[in-house]
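Reviewing the structure listed below.
The values are calculated or read from the model by the stated rules, or taken from the named source; none is laboratory data. In this text, all values refer to a predicted model and were calculated from it rather than measured experimentally. In this analysis, Cβ positions are derived from the backbone assuming ideal geometry, glycine residues included, and neighbour counts consider all displayed protein chains. With ligands, DNA and RNA removed, areas are computed over all heavy atoms of the protein, side chains included. Shrake-Rupley method; radii C 1.70, N 1.55, O 1.52, S 1.80 Å.
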Amino acid sequence: MSGAGAAAGVQSAGLGAAAAGCCSSASGNTGSAALITGGSGVAGRMPSRVLEHIFSYLEPLDLLNCSLVCWHWNNCLADENSEVWRSLCARLLSEEALRSDILCNLGSYKGKLKSFQHALSSHDCSRNVYIKKNGFTLHRNPIAQSTDGARGKIGFSEGRHAWEIWWEGPLGTVAVIGIATKRAPMQCQGYVALLGSDDQSWGWNLVDNNLLHNGEVNGNFPQCNNAPKYQIGERIRVILDMDDKTLAFERGFEFLGVAFRGLPKTCLFPAVSAVYGNTEVTMVYLGQPLDG
């Protein structure tokens, strides 16, 4: 994989998977063949402005189904900054998320909505953490002798995916970003590198730059002399390629290299684990990375 430094695109199929809360297969626009090409009925003659007004009241999964009715409806939903997606963002996303720089690397309302659908889960995490009202930031409570993590709402078994993660507080002795299966634990006793502690997760400890999997250190990362330490607020881009079975990282649009190869053909979720009390970690899903 070459440096995947560009911002990510968004596919409509992901919204349906997000709304369903299942592991996305990232199979792209598989439903496009089912589009009705005629569009000569009432649906095909309805003005776009009227359709947009109606669509703005629907949920993401409903919109996915609407895009399959006919070409006219599909084209009406194709504009990712249309009133439909703006209204949906206003309904589902917090004002803080829309007004702050959390989503600054997403150029469309549809992309912001999809990122929210893929954010860290408030139901698949340690009991010692919670997701803030902005919908994207994890807060770890000051619990002694505990390591706590969270998974993203959606995992991936196919395709290429990118997301950003950054710490907004102290890292402590261990701060790990990476991926995990549904079976990987999200809490354990003591201060340890939770991601990478078994064969169900893969992680990069930002404190000591170690790669971790199956309870073992798989070397330093990035593989260079005097690699810089992570700075609070610095956005790290994670690139998961389920076709090549690799996990890679970027920092400041610099491609750092492939960290893990030979990933299993199973559903893998974005994940993070932290130990420092009151620290906060934000994750923003970007979509499919662009080569370049």
Carbon/sulfur fraction of accessible area - the chain, other protein chains in place, 1.4 Å, %: 50
Read phi for every residue in region 47-57 and hand back ³J(HN,Hα) as whole Hz from Karplus 6.51 cos²θ - 1.76 cosθ + 1.60, θ = phi - 60°, with x for Gly and Pro. x, 4, 5, 5, 4, 4, 5, 5, 4, 5, 9
Ranked highest first by average number of other Cβ atoms within 10 Å, how do 125-131, 193-199, 47-53 line up? 193-199, 125-131, 47-53
Project the alpha carbons of region 121-287 onto their principal axes and report the range along each, largest first, in whole Å. 38, 35, 30
Protection proxy (average C-beta count within 10 Å per residue), highest first, orders 134-140, 262-268 as 134-140, 262-268
Rounded to whole Hz, the Karplus (6.51, -1.76, 1.60) HN-Hα couplings of region 215-229, x for glycine and proline: x, 10, 7, 9, x, 8, 8, x, 7, 8, 6, 6, 4, x, 6
Expressed as a rounded percentage, what relative contact order does region 121-287 have, with Cα pairs under 8 Å and six or more residues apart? 34
At q = 0.14, 0.18, 0.24, 0.25 Å⁻¹, what log₁₀ I(q)/I(0) does region 44-118 have when each alpha carbon counts as one equal point scatterer in the Debye sum? -0.43, -0.68, -1.09, -1.16
Per residue value of the accessible surface for region 207-278 (all protein chains in place, 1.4 Å probe), Å²: 48
Using 23 Å as the Cα-Cα cut-off, could you pick out the over-long pairs in Lys112/Lys182; Lys132/Lys229; Lys153/Lys245; Lys153/Lys265; Lys114/Lys229; Lys153/Lys229? Lys112/Lys182; Lys132/Lys229; Lys114/Lys229; Lys153/Lys229
Could you state the orientation-averaged shadow area of the convex hull built on the Cα atoms of the chain, in nm² to one decimal? 14.8
Could you provide, to the nearest whole Å², the per residue accessible area of region 44-118 with probe 1.4 Å? 50
With +1 on the Cβ of every Lys and Arg and -1 on the Cβ of every Asp and Glu, and nothing else charged, how large is the dipole of the chain about its Cα centre, in debye rounded to the nearest 20? 420
Quick check for me: using +1 on Lys/Arg Cβ and -1 on Asp/Glu Cβ, what's the dipole size of region 194-292 about its Cα centre, in debye to the nearest 20? 80
To the nearest 20 debye, what charge dipole does region 121-287 have about its Cα centre, counting +1 at the Cβ of each Lys and Arg and -1 at the Cβ of each Asp and Glu? 380
